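Student: I'd like to ask some things about the structure below.
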Amino acid sequence: NFFSPKFGVNYNITEYLNVLANFSIAKKEPRLTDWYSRSGGPDASQTYTDSLGVVHVEELDPETATTMEAGLGYNGMGWNATVNFYNTAYEDKIESSLQQNGEYLTVNAGKAIHQGVEFAANVLMGNVDANVSATIAQNRWDEMNVDQIFGEDAEDIKDKVVPYAPEQMVAGGVGYTFKELPMDGKLRFGLSANWWDEYYGTYTN
């Protein structure tokens, strides 16, 4: 039932050079496994017991991501390159973790800001192609909806890197395509590599 608009504009400055800007709003529904337990049924995965022994059911709202992006592109003879800046604000960000009872508890943890600069380039020279991309980002918690999340205090989590969201990424590759008979462009050998850093699996990094 979501309306997720995306608006964009592109302007060709020259035959080879262009600028672009985008704005979008996207919604993400909780997954079925976020609120449904195979053994306990609907909402059974979303129960927790407080210090007084009272059982609560955690309500889940859809996650919202609002993105703004601006970039510059060049498409020349045999090569092209793009660079862009993006800013995505996640509201009611959905996070899941395994509890001591073996069930997953999923919550709307809070607001996170993902922003960064992306660069990508591709080169083609005869039978040889190459590509490289790099991202420098800041993916941090901005506000928390909870006092604690999975055993950690919200004050210790705010401004920390969002788990499983690396802030530095570099990738590259090179390949050779057999364009002559008998392969006729159907066989390509390639080598690629990926590197990332500032990558964490915990909320306190």
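The values are calculated or read from the model by the stated rules, or taken from the named source; none is laboratory data. Note that this is a predicted model, so its numbers are computed, not measured. Backbone-built Cβ (ideal geometry, glycine too); neighbour counts: all protein chains shown. The accessibility values were calculated without ligands, DNA or RNA, using every heavy atom of the protein model including side chains. Shrake-Rupley method; radii C 1.70, N 1.55, O 1.52, S 1.80 Å.
Student: When a/c reaches 1.5 or more, the comparison of a/b and b/c decides; with that in mind, is region 99-205 rounded, prolate or oblate per its Cα gyration tensor?
Tutor: prolate
Student: Among the lysines in the chain, how many pairs, 8 or more places apart or on different chains, have alpha carbons under 25 Å apart?
Tutor: Close lysine pairs found across the chain: 17.
Student: Mind listing which trypsin sites (Lys or Arg not before Pro) in region 111-205 are in a DSSP loop and have 10 or fewer other Cβ atoms within 10 Å?
Tutor: Lys186
Student: For the pair Val54 and Val174, how long in nm is the line joining their label points, each one 7 Å along Cα→Cβ?
Tutor: Here the modelled spin labels are 6.6 nm apart.
Student: Give me the one-decimal Kirkwood hydrodynamic radius in Å for the chain, with the sum taken over alpha-carbon pairs.
Tutor: Evaluated over the chain, this radius sits at 20.5 Å.
Student: What percentage of the solvent-accessible surface of the chain, computed with a 1.4 Å probe over protein heavy atoms, is contributed by carbon and sulfur atoms?
Tutor: C and S atoms contribute 55 percent here.
Student: At 222 nm, what value in deg cm²/dmol follows for the chain if DSSP H runs of at least 4 each add -39500 (n - 2.57) and the sum is divided by all its residues, to the nearest 500?
Tutor: Theoretical 222 nm ellipticity from helices: -500 deg cm²/dmol.
Student: When a/c is below 1.5 the answer is rounded, else prolate if a/b is larger than b/c, else oblate, so apply that to region 1-64 with a ≥ b ≥ c taken from the square roots of the Cα gyration tensor eigenvalues.
Tutor: Prolate, because a/c is 1.5 or more and a/b exceeds b/c.
Student: Take the Cβ-Cβ distance between Val128 and Asp197 as r, set R0 to 25 Å, and report the resulting FRET efficiency rounded to the nearest 0.05.
Tutor: That pair, Val128 with Asp197, gives E of 0.30.
Student: Under a 10 Å cutoff between Cα atoms, tell me which one of Ser133, Ser51, Ser192 has the largest fluctuation in the Gaussian network model of the chain.
Tutor: Result: Ser51 has the largest fluctuation of those listed.
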